[in-house]
Amino acid sequence: MRYDLAIIGAGPGGLSAALNAKIRNKSVIIFGEDSKALSKSKSIKNYLGFKDLSGSDLNEKFKESLTSYDIKFSKERIQTVYAMGSYFALELKDKSMVEATSVIVASGIDLGKGLKGEDKFFANGVNYCATCDAALYRGKDVVVIGYNEESVEEANFTSEIVGSLTYVNMYKKDLDLNENIKLIEGEIPLAFKGEKKAESLVFKSGKEISADGFFIIRDSSKPERLIPSVKLEDGHIKVDRLMQTSIKGLYACGDIVGKPYQIMKAVGEGQIAGLEASKYISKVQRENKEKDKK
């Protein structure tokens, strides 16, 4: 399906962008779930207009602002964004595509350090979507390093395809894993080792396990993996004052474009991104009408 605007991220920046675009009569879809960082904040004292409130309360107020608008919400995770010239194609986990005239990236940023060798072996033994790439390891030994609920689902799915699967639990206790999955708990993964591809995972304790493939399932992806051709600056997506990235029609806002990592900043940048994306969409629509007339 084609939308005017696709927003990746349902935090303060993404919701702000959606509101401003929808007011301007654009069709909008938001991919993502509530901001966990915001929802877990017990007390927020620096948001203009509120003396002191919890992050969950503020998040609910954000969402209430959108209830009267026809905005599509999806919890599907976007794997990759492709710039196709006059539109964007957003690839989902099942390889299906959603099209949009413009895209705003407001997915936040993973502040944690990656594992040593993770970047080096990306796509060479190290992967980020088990349901996407499990078939590549049919009958082979696989390790899933899980940091969230999604990793449990992916591990269970993958275990039915591969030869053997080991789950490194970085998530929680009492996991609902398939019986054929080997479980490693209490170990901290540090690095991947190998020559041309990742061949083993080394833990802080010195323990080392070998496998044909490794999957790391976290809440957020690095921006260069989400949008391979976008320009970065200090690990963040580079934007100008209008939240425009290096790719025409692609905007970004919030933590993913840099410090300070603050709610008010994200909301303000989301507003700018929503306004500018709306202008861009209107321009494309006018140009398409002119082409149709000819």
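The values are calculated or read from the model by the stated rules, or taken from the named source; none is laboratory data. For clarity, every value in this text was computed on a predicted model and none was experimentally measured. With ideal geometry, Cβ positions are generated from the backbone for all residues, glycine too; neighbour counts draw on all protein chains shown. Just the protein is used for accessible areas: all its heavy atoms, side chains included, with ligands, DNA and RNA removed. Shrake-Rupley method; radii C 1.70, N 1.55, O 1.52, S 1.80 Å.
Reported to the nearest whole Å, the Cα centre-to-centre distance from region 44-107 to region 129-183 is 28.
At a Cβ-Cβ separation cutoff of 4.7 angstrom, cysteine residues of the chain with no neighbouring cysteine are Cys253. Among the listed values (i) 32, 24, 17; (ii) 28, 26, 20; (iii) 36, 23, 17, the one matching semi-axes √(5λ) of the Cα gyration tensor in Å as calculated from this structure is (iii).
Kindly identify region 210-294 as rounded, prolate or oblate by the Cα gyration tensor criterion: order the square roots of the eigenvalues as a ≥ b ≥ c, call it rounded if a/c is under 1.5, otherwise compare a/b with b/c, prolate if a/b is larger, else oblate.
oblate
I'd like the FRET efficiency for Lys289 and Arg2, computed as 1/(1 + (r/R0)^6) with the beta carbon distance as r and R0 of 22 Å, rounded to 0.05. Computed FRET efficiency for Lys289 and Arg2 comes out at 0.90. For region 82-221, the convex hull spanned by the alpha carbon atoms encloses 126 Å³ per residue.
The residues of region 110-204 have, on average, 55 Å² of accessible surface per residue, using a 1.4 Å probe with all protein chains present. Residues whose amide H falls under 5 Å from that of Leu53, counting only those 5 or more places apart or on a different chain, are Ile44, with hydrogens built in the peptide plane.
Across region 157-173, coupling constants 3J(HN,Hα) worked out from phi with the 6.51/-1.76/1.60 Karplus curve, θ = phi - 60°, read 4, 5, 4, 7, 10, 7, x, 8, 9, 10, 9, 8, 7, 10, 9, 7, 7 Hz, and Gly and Pro carry x.
The HN-Hα couplings worked out from phi for region 83-99 by the Karplus form 6.51 cos²θ - 1.76 cosθ + 1.60 (θ = phi - 60°) are 7, 10, x, 8, 7, 10, 10, 10, 8, 8, 4, 7, 6, 6, 10, 10, 9 Hz, whole numbers, x standing for Gly and Pro.
Working note: 222 nm ellipticity from helices only, DSSP H runs with n ≥ 4, each -39,500 (n - 2.57), summed and divided by the residues of the chain, gives -8000 deg cm²/dmol to the nearest 500. Placing pseudo-labels 7 Å out from each Cα toward the beta carbon at Lys95 and Thr80 gives an inter-label distance of 1.2 nm.
Using only alpha carbon pairs under 8 Å that are at least six residues apart, calculate the relative contact order of the chain and give it in whole percent. Kindly include the intermediate steps, with their values, before the conclusion.
Numbers: 606 pairs, mean separation 63.5, N = 294.
Once normalised by length, the contact order is 22 percent.
Surface composition of the chain: carbon and sulfur make up 48 percent of the accessible area, probe 1.4 Å. Of the chymotrypsin sites (Phe, Trp or Tyr not before Pro) found in region 61-125, no site is in coil according to DSSP while having at most 10 other Cβ atoms within 10 Å of its Cβ.
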